[in-house]
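A short reminder: the numbers here are calculations on the coordinates, not readings from a lab. Owing to the predicted nature of the structure, the values given are computational and were not obtained by experimental measurement. Note that each Cβ is placed from the backbone with ideal geometry, even for glycine, and that neighbours are counted across all protein chains shown.
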Amino acid sequence: MRILILHRLGDPRTVRESVRALELMIPECYKQHAYIIHDASLPVPEFIKDIQFDLIVLGPTFLAARCNDRLLDALRNSYDFLRGADACKVALPQDEYDCTGYLENLLLEWGVNLVYTVLPSHAHLLYPRLSRCTEVRRGYTGYIDNSWIDQWKEPKAMNQRKIRVSYRARQLSYNFGELGQLKTEIAAKFKNSLPTWIPRESIDISTHSSDTLYGDRWHKFLEDSQSCLVTPSGSSILDKYGYLRGFAHECQKGENQIDYFNFKEICLLGQQEIRFSALSPRNIEAALANTIQIGTFGDYSDLMNPGRDYILLNEDCSNISQVFEVMDDKTYIERVQKNCKDNMLSEPRLRRKNMAHEILEFAGASRHRVALDDGSKAEFKSAISRYSNIMHKKYKLYWALRRSTQRLLNN
């Protein structure tokens with residue numbers, strides 16, 4: 001197949017491993033096909049728009065541009081060719097509660113054939129028009145690569161791990177509601193509620209962006225943690241066209257910023273909160289690494305149950321002493337580790353290669369593809385080479401300039 005992958009992964013040095021693994025799962029798992037993989041941070045070359053692809057994959061980072069007015073206009077203008085493209089089009093959106101109205105409009109305009117939603121129970125609410133004419137299937141926020149299974153075939157023993165409880169998160173915008181705020185607040189609540197007998201140096205919890213860990217460093221950090229905090233990934237607010245997002249941004253910047261309580265009183269009074277939550281890549285990685293998850297209650301895509309697969313933590317951390325007491329029960333901890341890991345590994349659609357195969361199978365069955373003769377194969381091979389020659393230097397220069405600019409701003 002001739003396949004176009006569209007993403008916006010950003011600077012290769014600061015890409016999260018779980019995001020990279022998802023965006024590139026098809027080309028990395030099935031290398032026999034012919035690929036053009038385009039980072040939408042840079043304009044798409046005009047000649048690409050004239051190529052007849054068999055499959056076009058719209059990745060989550062590519063679709064996330066809908067949440068930025070400037071990038072949304074660029075999407076519509078630069079990728080209008082998707083509308084008329086005679087290819088199977090598959091979308092892998094995430095954070096679907098954020099600017100979902102714009103997302104649905106784009107997917108309808110472009111004639112997307114298959115959408116993988118991480119919130120299947122809310123599909124009709126999120127996509128009232130799209131769900132009537134387009135196939136919508138359950139997807140996940142991350143997928144298990146075989147290399148992860150090999151990496152954590154025999155994870156580090158608990159008594160060899162230096163960190164008792166770990167956590168990394170970032171401050172989310174107010175427009176994600178109570179669930180979004182919990183992601184940050186749980187860090188402070190947990191640290192402030194620590195029993196006196198727990199050594200503070202054994203706790204590594206941070207919500208500062210400077211402490212973010214990327215790539216292999218994140219995986220090593222998880223495996224060096226006996227346990228980690230988790231909360232349901234998602235939002236409790238549906239912000240279809242980003243109106244709340246814009247106002248929240250204004251409320252959270254500068255000297256006159258207001259707290260979430262006041263934002264809620266102003267913007268969310270009388271508005272029903274619905275939990276749009278799903279399993280996160282952190283849940284999957286921690287399970288494989290045998291890192292015990294200390295989590296607040298949530299559905300976790302029906303793959304994690306409290307007491308069985310993770311230790312339940314009250315949102316106000318009022319049961320924190322009991323959590324640490326349970327952590328000392330070796331038999332129970334080993335059972336939770338096994339249950340959680342077995343759960344993740346027993347779901348075939350969580351496997352990266354299986355998901356890639358499912359998409360390729362759908363694309364192959366969705367339309368009659370004309371077999372490529374030798375001339376057509378050579379022509380597409382030439383297009384790949386041309387793309388590589390044009391874009392390799394551009395990407396390298398672009399990210400070098402972005403890094404230099406960021407260093408100047410930081411100084």
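With each run of n ≥ 4 DSSP H residues scored as -39500 (n - 2.57), what mean residue ellipticity at 222 nm is computed for the chain after dividing by its residue count and rounding to the nearest 500 deg cm²/dmol?
Value at 222 nm, helices only: -13000 deg cm²/dmol.
If you find the alpha carbon centre of region 378-406 and of region 63-102, how far apart are they in angstrom?
22
To the nearest 0.05, what FRET efficiency results for Arg137 and Arg386 with a Förster distance of 56 Å applied to their C-beta separation?
0.95
Of the listed values (i) 37, 25, 21; (ii) 33, 32, 23; (iii) 41, 21, 20, grab the one calculated as semi-axes √(5λ) of the Cα gyration tensor in Å from the structure here.
(i)
Report relative contact order for region 146-347 in percent, whole number only (criteria: Cα-Cα under 8 Å, sequence separation at least 6).
The value is 24 percent.
Can you run phi through the Karplus equation (6.51, -1.76, 1.60; θ = phi - 60°) for region 231-244 and list ³J(HN,Hα) in whole Hz, with x for Gly and Pro?
3J(HN,Hα) across region 231-244, in whole Hz: 9, x, 7, x, 8, 10, 10, 9, 10, 4, 10, x, 5, 5.
What's the angle, to the nearest 10 degrees (0 to 90), between helix 352-366's Cα axis and the longest principal axis of the chain?
Approximately 30 degrees, to the nearest ten.
Could you name the lysines whose alpha carbon sits less than 21 Å from that of Lys393, not counting residues in the same chain fewer than 8 places away?
Lys49, Lys381
Restricting to Cα atoms and excluding each atom paired with itself, what does the Kirkwood estimate give for region 291-411 in Å?
Kirkwood hydrodynamic radius for region 291-411: 20.3 Å.
To make sure I understand, if each residue's beta carbon is the centre and we count other beta carbons within 10 Å, what order do Arg138, Arg351 fall in, fewest to most?
Going from sparsest to densest Cβ surroundings: Arg138, Arg351.
Give the residues of region 59-84 whose amide nitrogen is closer than 14 Å to a point set 7 Å from the Cα of Glu250 in the direction of its Cβ.
none
Please order Met304, Met1 by the number of other Cβ within 10 Å, starting at the fewest.
So the ranking, lowest neighbour count to highest, is Met1, Met304.
If you build a Gaussian network model of the chain, linking Cα atoms that sit under 10 Å apart, which residue out of Lys264, Lys31, Lys49 swings the most?
Lys31
List, in the order given, every pair from Lys220/Lys394; Lys220/Lys341; Lys189/Lys264 whose Cα-Cα distance in the structure shown is over 26 Å.
Over 26 Å Cα-Cα: Lys220/Lys394.
With a 10 Å Cβ neighbour count serving as the proxy for reagent exposure, in which order, fewest first, do Thr184, Thr196, Thr100, Thr117 appear?
Fewest-to-most ranking of Thr184, Thr196, Thr100, Thr117: Thr196, Thr184, Thr117, Thr100.
Hey, what did the chain get for relative contact order, percent, Cα under 8 Å, at least 6 apart?
17
Just the projected area, averaged over all directions, of the convex hull on the alpha carbon atoms of region 88-239: how many nm²?
11.5
With +1 assigned to the C-beta of every Lys and Arg and -1 to the C-beta of every Asp and Glu, and no other charges, what is the dipole magnitude of region 1-89 about the Cα centre in debye, to the nearest 20?
160
Counting only the backbone N, which residues of region 285-302 are under 19 Å from the spot 7 Å out from the Cα of Arg335 toward its beta-carbon?
Only 290-295 fall inside the zone, counting backbone N under 19 Å.
Roughly how many whole Å is it from the C-alpha centroid of region 130-162 to that of region 264-282?
25
With a point put 7 Å past each Cα toward its Cβ, work out how far Ser318 is from Asp342 in nm, to one decimal.
The two pseudo-label positions are separated by 3.4 nm.
What is the Cα centroid distance between region 295-354 and region 186-207, reported in whole angstrom?
Taking the Cα centre of region 186-207 as reference, the centre of region 295-354 is 20 Å away.
Between Lys220 and Leu125, 0.36 nm times their residue separation minus their Cα-Cα distance comes to what?
30.3 nm
Over region 53-114, what is the relative contact order in percent, taking alpha-carbon pairs closer than 8 angstrom and at least six residues apart?
Computed value for region 53-114: 45 percent relative contact order.
P(r) for region 146-347: what percent of alpha-carbon pairs falls in each 5 Å bin, starting at zero?
1, 7, 15, 19, 19, 15, 11, 7, 5, 2, 0
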